[in-house]
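Q: Have a look at this one.
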Amino acid sequence: MGWIALSLGCAVLLAAFFAIYLKWIAPWRDVEEIADAVVNSRSPRKFLISANPRAGKIGLALETLFDRHRALEKRAHEGEFSVQSVLGAMLDGLLVVDERRRILVMNPEFRRLLGVNETAPGTPLLEIVRDVAVDRLVAEALDTKQPQCKAIRLSRGGIDGLHLEVSAVPLRENPASMQGAVVLFRDITQLRQVEEMRRDFVANISHELRTPLSIFRGYLETLLDDPKQPPGELLRILGVMEKHSDRLNALVDDVLSLARLEAPEPQLAITGIHLPDFLGAIVRDWEKRFAAKKLRAELDASSDLPLLHADEARLQEIIYNLLDNAVKYSKVGGAITVRAKAEGDRIRLNLTDQGVGIPMRDLPRIFERFSRASNVDDRKFHGMGLGLYICRGIVEEHGGRIWVESELGKGSTFHVALPLRDERRLN
């Protein structure tokens with residue numbers, strides 16, 4: 001009997017312990033597991049705890065807390081994604097700095113503009129931009145609480161002549177009471193270059209117009225004062241006026257060609273051109289100019305060359321410009337050679353002279369607008385530096401390429417490679 005009583009006692013104790021475990025120990029372990037999962041942003045195995053009412057309430061509270069935490073995380077992620085998307089889509093560089101001008105936020109465009117890598121928050125503004133003018137602008141915006149704007153020019157490292165419009169706007173009505181400013185960097189380099197080209201264009205046009213117009217006016221006054229000039233003197237005056245009239249015509253032609261090149265939709269009248277006949281006619285037209293400097297003109301163009309599909313008037317403009325330079329800079333008694341040959345699906349035109357040549361340092365920019373070789377005497381050789389720029393534009397309109405080889409003191413060879421058929425224009 002004693003053994004049975006002991007067994008029953010043990011069973012009762014075990015049952016009591018198991019009941020206590022289920023009601024008081026296991027539920028709180030579940031609560032601990034749930035709390036640990038919530039703290040570490042993991043989804044718990046369960047939230048429902050039924051054995052202990054108080055533990056069950058805590059489990060449900062933790063579930064509500066977990067759901068709110070997930071919702072906040074989602075909103076924060078969406079907000080961060082939206083901010084990053086906006087910053088990444090901006091075409092201007094952007095910085096956000098605090099009241100001590102330390103960088104808090106930087107967008108990709110700013111890093112691209114200034115060539116900087118990702119920067120740790122808190123880096124001083126001056127350390128990144130390395131320009132006192134920008135630092136002073138931001139400091140003034142912070143001090144006066146008013147937006148500030150200034151155009152600056154940055155030259156540092158690999159950045160040469162970067163023109164920026166910098167705007168600093170202080171943060172206002174900030175609920176977090178954070179002082180600071182938003183700084184925008186807009187690249188206006190191209191605008192400045194266009195403005196500089198416009199000024200150069202006006203200056204060059206004015207210079208080129210002034211001389212012939214002054215000569216016209218001078219000789220007109222001479223003829224008005226004394227209409228009965230000796231025949232020889234009258235012929236000389238008329239010859240000079242004709243020369244400067246041609247100069248003005250050439251200037252007007254260059255300006256019109258420039259306008260055509262810069263039109264939004266340049267129009268080319270494509271026709272089939274038989275180059276031997278086309279180039280032969282041009283060489284004959286220039287015989288008087290060649291003879292004036294005793295130049296020998298040679299044409300090398302096989303009669304079986306395939307037809308070149310191009311705008312005949314614009315192609316003639318290219319050849320005229322190249323011949324004008326060749327004659328202008330050739331020595332008396334020299335030679336000018338014009339060649340044309342087929343190279344696969346392209347035609348190569350070469351024009352070689354025995355002139356003064358082009359210095360090596362000038363070759364990379366010789367086809368730029370208003371560019372002239374540094375060894376050219378502007379007082380002796382007039383021009384605006386538009387001819388080769390126009391040639392390049394016309395060649396590129398046809399899908400071709402132009403380049404030059406030159407040796408100082410020995411002459412130059414200009415190469416023009418054009419497709420036989422520019423499919424962009426023919427389709």
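Q: Would you mind working out the accessible area per residue for region 291-404, using a 1.4 Å probe, and quoting it in Å²? Can you show the working numbers first?
A: Details: 5330 Å² over 114 residues.
Value returned for region 291-404: 47 Å² of accessible area per residue.
Q: Quick check: Cα centre of region 220-290 to Cα centre of region 293-323, how many Å?
A: 18 Å
Q: Let me ask you something else. Search the structure for amide H atoms under 5 Å from the amide H of Leu299, placed 1.01 Å from N in the peptide plane, and list their residues when 5 or more places away or on another chain.
A: Correct list: Val338.
Q: Taking amide H atoms as placed 1.01 Å from N in the peptide plane, list the residues 5 or more away in sequence, or in a different chain, whose amide H sits under 5 Å from that of Asn107.
A: Residues meeting the criterion, in which the H sits 1.01 Å from N, are Leu94.
Q: Where in region 204-249 are there trypsin sites (Lys or Arg not before Pro) that are in a DSSP coil and have at most 13 other Cβ atoms within 10 angstrom of their Cβ?
A: Values: sites: Arg210, Arg217, Lys228, Arg236, Lys243, Arg247; in loops: Lys228.
Filter output for region 204-249: Lys228.
Q: Can you pull the percent of region 191-267's accessible area that's carbon plus sulfur, 1.4 Å probe, other chains left in place? Walk me through the numbers on the way to the answer.
A: Details: 3310 of 5560 Å².
Here carbon and sulfur together make up 59 percent of the probe-accessible area.
Q: Here is a further query. Report the accessible area of Glu165, computed with a 1.4 Å probe over the heavy atoms of all protein chains in place, in Å² rounded to the nearest 10.
A: Ignoring ligands and nucleic acids, Glu165 comes out at about 70 Å².
Q: In the structure shown, do any of Lys293/Lys331; Lys243/Lys328; Lys288/Lys328; Lys331/Lys410; Lys243/Lys410 have a Cα-Cα gap over 19 Å, and if so which?
A: Numbers: Lys293/Lys331 8 Å; Lys243/Lys328 14 Å; Lys288/Lys328 13 Å; Lys331/Lys410 10 Å; Lys243/Lys410 28 Å.
Over 19 Å apart, Cα to Cα: Lys243/Lys410.
The values are calculated or read from the model by the stated rules, or taken from the named source; none is laboratory data. Keep in mind the model is a prediction, meaning the values are calculated, not measured. Please note: Cβ atoms are built from the backbone with ideal geometry, for glycine as well, and neighbour counts cover all protein chains shown. To get the accessible areas, we keep the full protein, side chains included, count just its heavy atoms, and leave off ligands, DNA and RNA. Shrake-Rupley method; radii C 1.70, N 1.55, O 1.52, S 1.80 Å.
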